[in-house]
Amino acid sequence: MESVQRATRPLLEIKQVSRAFDGVLAVDDVSFGIDEGETVSVIGPNGAGKTTLFNLITGVDQPTAGEIFFDGAPLAGLPAHAYARLGMARTFQHGRVFGNLSVLDNVLLGAHSRRQVVRSRAPVVNLLRELAYGLLQPGSVKQEEAALRAEAEEILAQFGERLTPRLHQPAYSLSYANRRRVEIARALMLRPRLLLLDEPTAGMNPAETQEMLDFIATLKARGQTILLIEHKLTLVMQLSDRVVVMDDGRKITEGAPEVVRHDPQVIEAYLGHRHHPPANAAQDDEPVVQPATRLTIDPAAGVL
Amino acid sequence: MDSLLRTFADQTINGLVIGNIYAFIAVGLALIFGVGNLINFAHGSIFMVGAYVGWVCVTWWGLPLFTAFLVTTLVCALLGVIIERFALYPLRSAPPIAPLLATIGVSFMIDQAVQIIFTPNPQAFPNPLLAYRFQVGGVTVGAIDLLIAGIGVATAAALYLFLRFTQWGWALRATAQDREAAQQMGVDVVAVNRMTFAIASALGGIAGLLVGMYFNTVYPTMSFQATLKGFAAVVLGGLGNVPGAVLGGLLLGLIESYGVAIFGATYRNLFAFVILIAVLVWRPNGIFTNQRRTAPEPLTGTFIARSRPVHIPAWAIAALTVAALALPFFAPNPYLLQILTNAWLLGMVALSVTLVTGTAGQTSLGQAGFMAIGAYASALLTQRLGWPFELSLLASALVSAVIGVLLVLPAFRLRAVYIAIATLAIGEIVNQVILNWDSLTNGAMGITNIAPPSLFGWQAIRPHEIYWFTLVLLILAALVQHRLVRSPLGRTWRALREDEVAAQAFGIDLNRYKTLVFAVAAFIAGLSGAVTGHMYSYISHETFTNTTSILVLTMVILGGMGNLLGAIVGAVALTALPELFRGLADYRYLIYGLTLLLLIRFRPQGLLGTD
Amino acid sequence: MNTASLARTNGQNAASTNPLLELKDIDTAYGPIQVHFGVNLHVNAGEIVCLLGGNASGKSTTMKIILGLVRPRAGAVRFDGRVINGLTTPQIVRLGIGSVPESRRIFAQMTVRENLLMGAYHRRDRHAVAEDYERMLALFPRLKERLQQRGGTLSGGEQQMLAIGRALMGRPRLICMDEPTMGLSPLYVDRVLALIQQINTQGYTIFMVEQNANLALQIAHRGYVLQNGRIVMEGQADALLNDPEIQDAYLGEGVS
C-alpha cells in the first residue's frame, strides 16, 4: 500500500499532519506527497476531513501537528497571501468568484502575484510605487496589463463559447457551472506549479461534470501538477495517478485508482460502517433505554 | 491623605452611578444585538426621547415621579416597537449593514423631530427629589444616587427573573442562542425580536430619564453620545452578553470617573472611545470571556447591492463640468455659490468615502476625523510655521493620510459592521484629542483667523473665487480617483471588497491594500478639511463631527456606492436641496434620515448604481 | 387510524392509506443553483423512512423544506393531507412536526432542563408537559444527572440524546432527524439508533436524513436515495441495503 520510494523530492509533501478542534482530530496523522507533473486525488465521504486538509495545505488553517513542505521549504508561518507567490493556486468548493467584478477582471486577479509591482519587496517605497503606477500608468504597466489581458482571454477561450461572450459581465450573473469555470481560469492565470481543485464538479449536472473532467484531463496532459479533492470516486478514476482515501480524519489507503475503487475498506467508508453491536455492547455501561420506563405518549392525541 | 481617600470614595460612587446608567443603555444594546444581531444606532435617540418624555411629565404636567417613569417606559417601548416594525423588519433578509444604516437614519429623524418640538436648547430638569444629601462615613451620597442605584438593582433583578422564569424570557434566550433552532421549537422569532426592542427601548428610556434628573438638564444632542457610550460598555462586556453589558457599563462609569478626577473633565469622552477601539481590536469578545475571536462576519457584510452603474456618456459629464465651471458667469448669486461650494467640499469627502467603502468595502463612519486632521494641520502650518497655503495644503493632506492610516491600522483585522464602529470611534477620538491638546490645537477655543485659500498671490476670497477653487479641486480629486479605480490597483481593491479569503488566496496582502485605500481616502478628505478651514477662517473640535461622517456616507449611498459621479450627485443633492427649498432647511436631518431609510429599503444601489 | 398507524407499514399498503407526510414534485433553488428536481417522497404513519445521499445531494435542504426554513420553488408539501409549504416554521411545529436538527443545535447557554422544556414551548397543556418531562428523565438517566448543567457542556452523544428528548417533549406526530449519528462515537451511534427504533415502536413516525446508508437502512422500513437533487432509488430498506446500485449512487454518477 505504501507508495514507491521516490528518487526526487516531491513538490508538495505532507508529513504526519494533524488538526484538532477542541480535542477532536479532524485530520489525524496524514502523510503523502505529490510529485511534479502528477495528479493526486484525495477522496473520502462527507466529514472525512478532506476540506480541513485542504485548508491546511492552502494556508487558511494551520496544523496542530506535523509539517507541510512545498518544494522542500516548510509552509508553516507563512501568511495566507504568500502561498500564491510560491505558485500554489486553488479553487473553492462553492465557487468564490468576485461577484461584482467582470469575468475578465476575475481572471486577471489570478495574475496578481505575478505583476511586477507586486513582486518587488521594498516596504514603504513599494506602496508609493504601486500608487504612482496606478495613477500614472506608465508604458511598462500598460504593456504588462495588455499582455496579461491577452493571456486571460486565451485561458478563457479554452472553455469554448462558455465564457468568451461574457468577458465583461459581472461574475454574479453567471450560471453556477460558469462560475466554477471562471474560478479555474483565475487559478490558471497564476501559472501555478501546483493547482489545487476543491470539488470542481460539486453541484454540476452529468454533462457539465463530463466537460469539466475533459478540461482537467487536458491540463494534466500538459504536465500540470494537480491536487484534486473530490467526493465522487468515479470522477477521479480517469484523472488520477494516485488516490489518497480518507475517512474519519485518517488516510485509510493510498494507491492506483482501480485498486482503490474495489477496496472493501473504501466502499465501507462511503456507505457507512456496518453496525457491530456486540463489540460496542461490551463497552456499554448503561442500557440505552430503561426498559421499565417505556414511553407511553400517544402521538395521535398529542398535538394541542 | 484622608482627603485623597475621600475623593477616591466620592469618585467611586459617582462612577458607579454613571456606570449604572451606562449599564441600562448597554443592556438594551446587548439584548438587541443578541436577539437580532443588530447594532442599534437609534438606541441613544430612544434614550434621549425617554429623557424628554420624563421632563414633559415632570415639568409640564407635574406628574409624580413614579407616574413619569411609567409613562416614559411605555412611550419608549412603543417607540422601539414602531422602529422595529417599520424600519427594520422589512430589512430582515438584507445584508447586516443595511439595518444598521437604517437605525442611523431613524436616529437622525428622531433627533431632529425632538429639536423641532423642544428647540435645540438644553431644558432645565428640576430634580423632583430636591437635593437630599447625606454623609455616610465621610462620603457624600445624594438621594438621586440612591434612586439610580435602587432602580438599577430592581431592574436587573426583574430582567433576570423575566429571562429565567417566563415563557417569553426563555423564548428570548433561545432565539439569541440559536434562531433557527428556536423556530423549530415553535418560537415566533419575529415576535420575540419585537418584544426585545420594546424591552431594550424601555430600559433606554429609563436611563434617559435618570440622566436628565441626575444632571438636571435634557438636550437633543445627548442622544449620540449615549449610543457611543453604550457601544463602549457593550463591547467591553462582550457583544450580546447581558451580564457582561452590566459589568461593562459599571466599569466604564468607574474608568471615566477616575479618569476625569486625574486628567480633567474634558477628557471624559476620550476614555470610552479608546476603550471601544482597544477592546474591539484586542478582545473582540469582551474582557470577561476567554473565547477566541468572533467568527468572521458573513461575506455579505459590505453594503454593495448587485447592480451595474448607470451609463452616463463622457460628453454629458464634460458638459456638466463646463456648466458647473461657467455657473458664476450666469448666476452670480453668492448664496447659491456658497451652497455649491459646500457641496464641492463635501463632494470630495464623499469621493473618499465611496473609495474606501464602495470600492474597497471598508465601511467608514469616521471620515470627518480625517477632515479635522487636514484642517488643523493646514491651519497650524500656515499660522505657526508661516508656510505658504499651496504647500501647507498638500502637506496637510499628507499628514491626514499618514495619521489616518496609523489610526485605522489596528482595526484592519475587523470586518464589515465592526470596522464601521471602529472608524466611528476613531473620528470621535480625533475630536477629543483636538479638544484636549490645548498647546497644539488651542483646545475648545479653536483656531481663528486662518488665511483664505490662495494660489501664487491670487486669493480666493469672494464667493465665485472660492467656488472655482473648490470645484477645480473636486474635479482633480475625481480625475485622480477615476484613474486609480480603473487601474490594476482599483481592481485589487474591488477584490478585497468582494471576498477577502479568495483575495488572499491569490496573493493579495490585505493590510497593504487597506493601507493604500485609507491613505488615499484620508488624503482627499484631509484636503477638503484643510480648504474648509481656510474658507471659514475658523475651526474647532465641533467643525467636523460624526454627523458629517454619517451625512457623507448617506450621500454616497444616495449616489451609488463606489460610483464617483454618484458621490458628487449625492453631495449636491443633500447639501443644496434643503437649502434651495428654504422652508426645508430646518428639517434637513429629518430629510437625511428619511432619505437614508428609503434608499436602503427601496433602492440600495443608489441613484446611479453601484460600481 | 390509531392502531393501524402504529403497525409497521410497507410500500404496498402505503398507497391505500393517506401518507402522514408527502412531498410532491418539489423543485428548490438557491439563487441560480437548483437543488431539487421534482422530488417526490412520502412517509406513512408509524414508519421510519430514511433519505440517503452523498455530499451535496440535497438531503438537508429537503429537511429544511419540510420545516418551512426554505421555500420550494415549485411543488407541495402535505402533512396529514394539509399543504404546509407557505406556513412559517412555528406554525408547522404546532401542527405536530418535531425536529432533531443537523449537528443537534442544543441551546448551549441554557440548562439541560431548560433545553428539554423548550421542546414543549408550543404546548399549553402544562400538566401533561410535566408528565412528559418526568418520562424523559426516566428515559435519559444521563441527562437527569446533568439537569442544571449548560447544554453546551455536554458531550456530542449526550447532546444528541438531549436533542431527541427535546423533540419528544413537543409530542410530535412526525419527528424529522437530520443526520442524527453524524460525528458521534460508535458507542453513541448504536445508542442513538436503538433509541430511534424504540421510540418508533412506541408509535412515533420518523423521517431521517442520513449519510450513513448501512446504519440507517438497518433500522428503517423504507428508504430513498437522493443524488444531485433527484430521487434515484427508493424501496424497502432490506432491498436497498443489498442493492449494488446504491454504491454507484454514493461513489459518484456514471461518468467513467
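Selection among C:72, C:143, C:221 by position relative to the dipole of chain C gives C:143 as farthest towards the positive end (Cβ unit charges, Cα centre). Decide, for segment A:93-145, between rounded, prolate and oblate: order the square roots of the alpha carbon gyration tensor eigenvalues as a ≥ b ≥ c, take rounded if a/c falls under 1.5, and otherwise choose prolate if a/b is larger than b/c, else oblate. The shape class here is prolate. Interface residues of segment C:32-66, defined as a loss of at least 10 Å² in heavy-atom accessible area between the chain alone and the complex of all protein chains with a 1.4 Å probe, are C:32, C:33, C:55, C:56, C:64. Note on residue B:60: accessible area is roughly 150 Å² with a 1.4 Å probe, heavy atoms of protein only.
How far, in degrees from 0 to 90, does helix B:65-83 lean away from the longest principal axis of the Cα atoms of chain B, to the nearest 10? Relative to chain B, helix B:65-83 is tipped by roughly 40 degrees. For chain B, find the longest principal axis of its Cα atoms and tell me its angle to the long axis of helix B:463-485, 0 to 90°, nearest 10. Taking the Cα atoms of chain B, the angle to B:463-485 is about 90 degrees.
The A and B chains share an interface that buries close to 3300 Å² of accessible area, total over both sides, probe 1.4 Å. The figure for residue C:176 is an accessible area of roughly 0 square angstrom, using a 1.4 Å probe on the protein chains alone. Once C-alpha pairs closer than 8 Å and six or more residues apart are averaged by separation and normalised to the residue number of chain B, the relative contact order reads 20 percent. Once Lys and Arg get +1 and Asp and Glu get -1 on their Cβ, which of B:346, B:489, B:23 lies farthest toward the positive end of the dipole of the protein assembly as shown? Among B:346, B:489, B:23, the one farthest towards the positive end of the dipole of the protein assembly as shown is B:346. Under 26 Å of direct C-alpha separation, and excluding same-chain neighbours fewer than eight residues apart, residue A:142 reaches these lysines: B:514. In segment A:133-159, the residues whose accessible area drops by at least 30 square angstrom when the other protein chains are added to the isolated chain are A:134, A:135, A:137, A:145; the probe is 1.4 Å and only protein heavy atoms count.
Considering helices alone, the calculated mean residue ellipticity of chain A at 222 nm is -10500 deg cm²/dmol, with DSSP H runs of length four and up weighted by -39500 (n - 2.57) and normalised per residue. The phi torsions of segment A:249-259, fed into the Karplus equation with coefficients 6.51, -1.76 and 1.60 and a -60° offset, translate into couplings of x, 10, 7, 8, 6, 8, x, 5, x, 5, 5 Hz, rounded to whole numbers, with Gly and Pro shown as x.
How big is the B/C interface in buried accessible area, both sides summed, 1.4 Å probe, to the nearest 100 Å²? Result for this pair: about 2000 Å² buried.
About the Cα centre of segment B:314-602, what is the dipole size in debye to 20, counting +1 per Lys and Arg Cβ and -1 per Asp and Glu Cβ, all else neutral? Show your work: numbers first, answer last.
Numbers: 14 positive and 11 negative charges, 103 e Å.
Once rounded to the nearest 20, the dipole reads 500 debye.
Per residue, the accessible area of segment B:314-602 comes to 35 Å², computed with a 1.4 Å probe over protein heavy atoms only. Put +1 on the Cβ of each Lys and Arg and -1 on the Cβ of each Asp and Glu in chain A; which of A:182, A:97, A:140 then has its Cα farthest toward the positive end of the dipole? Comparing the listed Cα positions along the dipole, A:140 ranks first. Protein heavy-atom accessible surface, 1.4 Å probe, per residue over segment A:97-190: 41 Å².
Round to the nearest 0.05 the FRET efficiency obtained for residue B:89 and residue B:167 when R0 = 22 Å and r is the Cβ-Cβ distance. Spell out each step's value before the answer.
Working: r = 22 Å, r/R0 = 1.01.
After rounding, the FRET efficiency stands at 0.50.
Taking other residues whose beta carbon is less than 14 angstrom from the beta carbon of residue B:115, and scoring Lys, Arg as +1 and Asp, Glu as -1, yields -1. Spin-label model, residue C:155/residue B:406: points 7 Å from Cα along the beta carbon direction are separated by 5.6 nm.
For segment C:42-107, the dipole from Cβ point charges (+1 on Lys and Arg, -1 on Asp and Glu) about the Cα centre works out to 220 debye, to the nearest 20.
Given Cβ point charges of +1 (Lys, Arg) and -1 (Asp, Glu) and nothing else, what value in debye, to the nearest 20, does the dipole of chain B about its Cα centre take? Intermediate results must be reported in sequence, preceding the final value.
Numbers: 30 positive and 22 negative charges, 195 e Å.
Approximately 940 debye in magnitude.
Using mean Cβ contacts within 10 Å as the protection proxy, how do B:498-508, B:518-528, C:74-84 order, highest first?
Listed from highest to lowest mean packing, they are B:518-528, B:498-508, C:74-84.
Taking every protein chain into account, the 1.4 Å probe leaves residue B:587 with about 100 Å² of accessible area, to the nearest ten. Of all beta bridges that DSSP places with both ends in the protein assembly as shown, some 60 percent have antiparallel geometry. Axis angle, to the nearest 10 degrees, between helix B:97-118 and the longest C-alpha principal axis of chain B: 80 degrees. Report the Cα centroid-to-centroid distance between segment B:219-265 and segment A:205-247 in angstrom, as an integer. Value for the Cα centre distance between the two parts: 57 Å. Extension gain, residue B:216-residue B:318: 0.36 nm per intervening residue step, less the Cα-Cα distance, totals 31.0 nm.
Using a/c under 1.5 as the rounded threshold, could you call segment A:159-233 rounded, prolate or oblate? The axes a ≥ b ≥ c are square roots of the C-alpha gyration tensor eigenvalues, and prolate needs a/b larger than b/c, oblate otherwise. Because a/c hits 1.5 or more and a/b fails to exceed b/c, segment A:159-233 counts as oblate. Taking Lys and Arg as +1 and Asp and Glu as -1, the other residues whose beta-carbon sits under 13 Å from that of residue B:368 total -2. Think of a 1.4 Å ball rolled over the protein heavy atoms: segment B:2-269 then has 38 Å² of accessible area per residue.
Using the Karplus relation 6.51 cos²θ - 1.76 cosθ + 1.60 with θ = phi - 60°, the per-residue 3J(HN,Hα) values for segment B:153-170 come to 5, 4, 5, 4, 5, 4, 5, 4, 4, 4, 5, 8, 10, 10, 4, 5, x, 5 Hz, with x marking Gly and Pro.
Quick check: from the Cα gyration tensor, does the protein assembly as shown come out rounded (a/c under 1.5), prolate or oblate? Show your work: numbers first, answer last.
Working: a/c = 2.06, a/b = 1.28, b/c = 1.60.
Oblate is the answer for the protein assembly as shown, as a/c is 1.5 or above yet b/c matches or exceeds a/b.
Relative contact order for segment B:107-246: what percent, with Cα pairs under 8 Å and sequence separation of 6 or more? Don't skip to the end; give the middle numbers.
Working: 92 pairs, mean separation 41.5, N = 140.
Averaging sequence separation for qualifying contacts and normalising by length gives 30 percent for segment B:107-246.
Cross-link reach is defined here as a Cα-Cα straight distance under 30 Å, omitting same-chain residues fewer than 8 places apart; for residue C:59 the lysines meeting it are A:50, A:232, A:251, C:24. Chain C packed on chain A takes about 4600 Å² of accessible surface away from a 1.4 Å probe, both sides summed. What residue among A:270, A:176, A:133 has the largest mean-square fluctuation in a Gaussian network model of chain A, using Cα springs under 10 Å? Maximum fluctuation in the GNM of chain A, among the listed residues, is at A:133.
Tell me the carbon and sulfur percent of the accessible area for the protein assembly as shown, rounded to whole percent, probe radius 1.4 Å. Show your work: numbers first, answer last.
Details: 27330 of 45320 Å².
Carbon-and-sulfur percentage of accessible area, whole number: 60.
Interface burial in segment A:28-50 reaches 30 Å² or more for A:46, comparing the full protein assembly with the chain by itself; accessible area from heavy atoms with a 1.4 Å probe.
Within chain A, DSSP assigns beta bridges of which about 55% are antiparallel (rounded to the nearest 5).
The values are calculated or read from the model by the stated rules, or taken from the named source; none is laboratory data. A quick note: this is a predicted structure, and the numbers were derived from the prediction, not measured. Because the Cβ atoms are built from the backbone with ideal geometry, glycine has one as well, and the counts that use them run over all protein chains shown. Note: accessible area is taken over every heavy atom of the protein model, side chains too, but ligands, DNA and RNA are not part of it. Shrake-Rupley method; radii C 1.70, N 1.55, O 1.52, S 1.80 Å.
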